[in-house]
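S.K.: Below you will find the structure I want to go over with you.
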């Protein structure tokens with residue numbers, strides 16, 4: 001029996017495709033196995049030192065919405081969090097991460113969300129569900145490429161396949177990726193951490209996955225669709241960095257909103273096994289509006305649970321934190337004590353080493369705050385005098401505040417657990433530098449002149465002015481912390497931990513009066529709201545109490561016939577925005 005040449009060729013092609021298909025399947029299983037091991041556990045706080053748990057056991061669905069917004073929100077994340085806390089969800093479309101690419105017309109998705117809101121954890125769950133066969137099983141390959149690790153490749157020249165082989169050696173025998181036959185998802189987590197020069201005006205076109213070039217050009221051609229045009233892309237970013245990607249390169253924008261109010265309670269009930277204690281924590285958090293608003297951020301829920309579980313559980317004594325400064329001060333103290341109890345079997349840390357480490361971390365936090373950096377590299381540490389050979393000392397003192405991570409390519413990456421922790425340490429560094437009389441000339445734009453002031457009063461007035469001058473409010477939380485540290489109770493806590501820090505002779509009342517003066521002068525209610533939060537940190541409620549007396553005296557919540565000063569109107573706005581009641585109708589009649 002004779003077989004035609006054409007028939008033999010068809011057989012060869014069939015056998016070749018069958019062989020390649022089997023090969024792809026082998027590589028897919030190897031990749032899934034690796035990603036499953038990498039993603040199945042999660043550590044709250046810090047990956048190296050914290051206690052990990054299975055992601056599936058503690059994961060709480062986050063509130064994620066879909067929709068395109070052409071406006072870039074340049075406000076500081078603190079203001080965005082407060083806005084989200086008051087925004088009705090009735091006209092928004094929620095979406096689950098596993099459904100991001102359900103619409104076949106969508107190639108690229110950009111997901112935005114403030115620091116610590118859960119973007120990276122959502123990415124981790126998305127990958128784990130695929131690796132465990134629970135979702136998106138039509139996807140052949142999933143390649144997570146975090147920007148913090150891509151940064152370490154910025155000096156290299158390599159092709160896209162070289163890059164994938166570097167991060168995923170399990171597929172090193174796979175020389176090409178056929179996106180026409182295989183569905184591929186590339187995940188770029190943390191655009192805000194990118195230090196590669198993403199210049200999308202550069203028209204250098206690259207279509208060959210085997211052609212070597214710089215990593216930034218590889219990324220830009222991937223995002224533009226020149227490289228692997230059929231591959232699906234998921235990019236995550238803090239809101240302030242999303243404008244780096246041209247709108248025409250994005251098919252869908254989603255936003256991670258963090259925890260809704262029911263999810264906040266759900267988190268504490270999952271996190272705290274003693275439900276009676278969990279109820280106490282939830283009740284306490286609800287009693288402080290500023291704390292409860294911050295609980296939209298999962299990381300802040302973890303910080304609060306860490307502190308309150310011990311304090312309300314009677315393992316610790318002292319005043320229960322009601323302000324952000326109190327909460328973060330207790331958190332810092334707990335982390336330092338916890339490290340020494342865990343690793344040195346003693347309760348009293350070495351005060352000299354602790355002070356040295358805290359000041360070094362504070363200086364790093366301060367220097368990087370103005371640059372807007374959440375992620376640091378060895379050169380950043382060297383710039384502020386931290387010996388990278390001894391960095392374990394700093395991450396050891398604060399095991400769940402400052403972390404040292406090793407990427408897939410063994411490069412070192414450093415960060416604080418959250419932007420708010422960085423802002424707290426920056427404020428603490430500023431405060432300690434003044435009261436210890438060890439002020440050194442700084443070379444940081446805008447913030448540096450805080451250190452040129454001759455006394456604490458001038459420094460604080462300067463900080464208030466700078467926060468008000470900031471268009472995006474990026475110094476709002478730094479200012480809250482700095483002023484909160486004026487409270488004697490917070491200073492006492494710190495002196496127990498950091499002896500020889502001196503004491504502040506500054507009159508708290510001076511700052512209170514200056515804040516009230518600025519509230520009277522400032523026409524912007526948005527900026528005034530942060531000044532009221534600052535007064536709250538200083539335990540001064542006089543303006544708010546004035547307005548509350550008006551509210552209680554007016555039937556049906558009507559202010560008809562009442563003349564309020566500009567400062568009182570600002571206080572009224574603050575009271576309404578921070579009221580736990582739903583004020584659907586309020587009669588504003590000014591005579």
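The values are calculated or read from the model by the stated rules, or taken from the named source; none is laboratory data. This structure is a prediction, so every number in the text was calculated from the model and none was measured. With ideal geometry, Cβ positions are generated from the backbone for all residues, glycine too; neighbour counts draw on all protein chains shown.
S.K.: Could you give me the residue pairs with C-beta distances under 6 Å whose first residue belongs to the stretch 226-244 and is under 22 Å from residue 115 (Cβ atoms), whose second residue is assigned to a loop (DSSP other than H, G, I, E, B) wherever it lies, and which are 6+ apart or on separate chains?
M.R.: Note: pairs meeting the criteria are 236/189; 238/115; 239/73; 243/72; 244/198.
S.K.: Which of (1) more than 30 Å from residue 352 (Cβ to Cβ); (2) modelled with pLDDT of 80 or more is the odd one out, the single condition residue 524 does not satisfy?
M.R.: With (1) more than 30 Å from residue 352 (Cβ to Cβ); (2) modelled with pLDDT of 80 or more applied to residue 524, the lone miss is (2).
S.K.: When the stretch 371-401 is examined, which residues are found to be at pLDDT 75 or above and outside any loop (DSSP other than H, G, I, E, B)?
M.R.: The answer is 371, 375, 376, 378, 379, 380, 381, 382, 383, 388.
S.K.: Do we find a residue being crowded, with 22+ Cβ neighbours inside 10 Å, in a loop (DSSP other than H, G, I, E, B) and in contact with a helix residue (DSSP H, G or I) (Cβ under 7 Å, 6 or more places away or on another chain) anywhere in the stretch 122-144?
M.R.: No, because not a single residue in the stretch 122-144 is crowded, with 22+ Cβ neighbours inside 10 Å, in a loop (DSSP other than H, G, I, E, B) and in contact with a helix residue (DSSP H, G or I) (Cβ under 7 Å, 6 or more places away or on another chain).
S.K.: Let me ask you something else. Every residue in the stretch 227-268 that is surrounded by fewer than 15 Cβ atoms within 10 Å (Cβ to Cβ) and farther than 21 Å from residue 95 by Cα, please.
M.R.: Once the filter is applied, which keeps residues that are surrounded by fewer than 15 Cβ atoms within 10 Å (Cβ to Cβ) and farther than 21 Å from residue 95 by Cα, the stretch 227-268 yields 229, 230, 243, 246, 248.
S.K.: Here's another thing I want to ask about it. Looking at (1) more than 23 Å from residue 179 (Cα to Cα); (2) surrounded by fewer than 21 Cβ atoms within 10 Å (Cβ to Cβ); (3) modelled with pLDDT of 70 or more, which is the only condition residue 91 fails?
M.R.: (3)
S.K.: Would you mind stating whether residue 98 is out of contact with any strand residue (DSSP E or B) (no Cβ under 9 Å at 6 or more places or on another chain), assigned by TED's automatic domain parsing to the domain that holds residue 234, under 23 Å from residue 249 (Cα atoms) and not in a loop (DSSP other than H, G, I, E, B)? Outline the logic, then answer.
M.R.: Numbers: out of contact with any strand residue (DSSP E or B) (no Cβ under 9 Å at 6 or more places or on another chain): yes; assigned by TED's automatic domain parsing to the domain that holds residue 234: yes; under 23 Å from residue 249 (Cα atoms): yes; not in a loop (DSSP other than H, G, I, E, B): yes.
So residue 98 fits the description; yes.
S.K.: It is to be established whether one or more residues within the stretch 436-448 are modelled with pLDDT of 65 or more, crowded, with 17+ Cβ neighbours inside 10 Å and within 21 Å of residue 490 (Cβ to Cβ).
M.R.: No, the stretch 436-448 contains no residue that is modelled with pLDDT of 65 or more, crowded, with 17+ Cβ neighbours inside 10 Å and within 21 Å of residue 490 (Cβ to Cβ).
S.K.: It is to be established whether one or more residues within the stretch 353-363 are modelled with pLDDT of 75 or more, touching a strand residue (DSSP E or B) at 6+ places or on another chain (Cβ under 8 Å) and surrounded by fewer than 20 Cβ atoms within 10 Å (Cβ to Cβ).
M.R.: Looking for residues that are modelled with pLDDT of 75 or more, touching a strand residue (DSSP E or B) at 6+ places or on another chain (Cβ under 8 Å) and surrounded by fewer than 20 Cβ atoms within 10 Å (Cβ to Cβ), one finds none in the stretch 353-363, hence no.
S.K.: Another question, if that's okay. Would you call residue 167 touching a helix residue (DSSP H, G or I) at 6+ places or on another chain (Cβ under 6 Å), under 24 Å from residue 415 (Cβ atoms) and in the same structural domain as residue 24 (by TED's automatic domain parsing)?
M.R.: No, not satisfied.
S.K.: For the stretch 161-209, how many residues meet the condition of being in a loop (DSSP other than H, G, I, E, B) and either in contact (Cβ under 8 Å) with a residue 40 or more places away in the chain or surrounded by fewer than 18 Cβ atoms within 10 Å (Cβ to Cβ) (or both)? Give the derivation first.
M.R.: Start the filter on the stretch 161-209 by keeping residues that are in a loop (DSSP other than H, G, I, E, B), which leaves 168, 172-183, 189-190, 194-209.
From what's left, either in contact (Cβ under 8 Å) with a residue 40 or more places away in the chain or surrounded by fewer than 18 Cβ atoms within 10 Å (Cβ to Cβ) (or both): 168, 172-183, 189-190, 194-205, 207-209.
Count: 30.
S.K.: So, in the stretch 145-160, exactly how many residues are assigned to a loop (DSSP other than H, G, I, E, B), over 19 Å from residue 127 (Cα atoms) and in contact (Cβ under 8 Å) with a residue 12 or more places away in the chain?
M.R.: Looking only at that region, the number is 3.
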